[in-house]
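Undergrad: This is the structure I want to talk about, given as structure tokens.
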Amino acid sequence: MKRDIDLIKELLILIEKSANELSTQIIELDGFTENEIFYNVGLLISAGLVSGKETSTKDSRSYHFLSLTWEGHDFLDAIRTNVGWKAIKKEVKKQGTSLPFSVLKAIAIEAVKGVVGL
């Protein structure tokens, strides 16, 4: 399964808006399967963007998570703007493949810096 940057963005926004603990068992996002959501939440946790843990049992798979981390907020702030998001999408399309997270973040931050004059 592949990392889906569009799903990552949707999940980060959802987690930021949530005032309570979330579980992958209750998340439904149009256009994404349960497996895709589960996989990408796992990536968010392992990348340190979201605080959470796997709580799967023999009968069901699940992650529980509480909030974005500082790093998660920074990344979401960079991609929330059209400038940062468009820069990422443009570069991914240009490369024709997925890019490492550190590169995606750097692209978004540089795009936002250009807008604010840094």
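Computed from the coordinates by the stated procedures, all read-outs in this text should not be read as laboratory data. Quick caveat: nothing in here was measured; it's all calculated off a predicted structure. Virtual Cβ from ideal backbone geometry, glycine too; neighbours counted across all protein chains shown.
Undergrad: Whole-Hz Karplus ³J(HN,Hα) for the stretch 50-56, in order, using 6.51 cos²θ - 1.76 cosθ + 1.60 and θ = phi - 60°, x for Gly and Pro?
TA: Those phi angles translate into 9, 8, x, 8, 7, 10, 5 Hz.
Undergrad: Projecting each Cα onto the charge dipole of the chain (Lys/Arg +1, Asp/Glu -1 at the beta carbon, about the Cα centre), which of ASN40, GLY52, SER102 comes out farthest on the positive side?
TA: Towards the positive end, the residue furthest out is SER102.
Undergrad: Read phi for every residue in the stretch 98-105 and hand back ³J(HN,Hα) as whole Hz from Karplus 6.51 cos²θ - 1.76 cosθ + 1.60, θ = phi - 60°, with x for Gly and Pro.
TA: Result, rounded to whole Hz: 6, 10, x, 4, 4, 6, 4, 4.
Undergrad: With 29 Å as the limit, write out which pairs from LYS53/LYS86; LYS17/LYS105; LYS58/LYS86; LYS53/LYS90 have Cα-Cα distances beyond it, or answer none.
TA: Values: LYS53/LYS86 31 Å; LYS17/LYS105 21 Å; LYS58/LYS86 41 Å; LYS53/LYS90 33 Å.
LYS53/LYS86; LYS58/LYS86; LYS53/LYS90, as the Cα separations exceed 29 Å there.
Undergrad: Still on this structure: At q = 0.19, 0.22, 0.26 Å⁻¹, what is the base-10 log of I(q)/I(0) for the stretch 5-68 according to the Debye formula with one equal point scatterer per Cα and no solvent? Please give it to two decimals.
TA: Summing over Cα pairs of the stretch 5-68 leads to -0.63, -0.86, -1.23.
Undergrad: Next up: For the chain, what does the helix formula give at 222 nm: sum of -39500 (n - 2.57) over DSSP H segments with n ≥ 4, over the residue count, nearest 500 deg cm²/dmol? Kindly include the intermediate steps, with their values, before the conclusion.
TA: On the way: 5 runs with 67 residues, N = 118.
Taking each H run of at least 4 residues, the total per residue is -18000 deg cm²/dmol.
Undergrad: Then there is this: Pop out the ³J(HN,Hα) list for the stretch 73-78 in order, Karplus 6.51 cos²θ - 1.76 cosθ + 1.60 with θ = phi - 60°, rounded to Hz; leave Gly and Pro as x.
TA: 5, 4, 5, 4, 4, 6
Undergrad: Considering the chain, what Rg and Dmax in Å follow from its alpha-carbon atoms?
TA: 14.7, 52
Undergrad: Please list the non-local residues whose amide H lies under 5 Å from the amide H of THR69, H modeled 1.01 Å from N, same-chain partners needing a gap of 5 or more.
TA: VAL50, SER51
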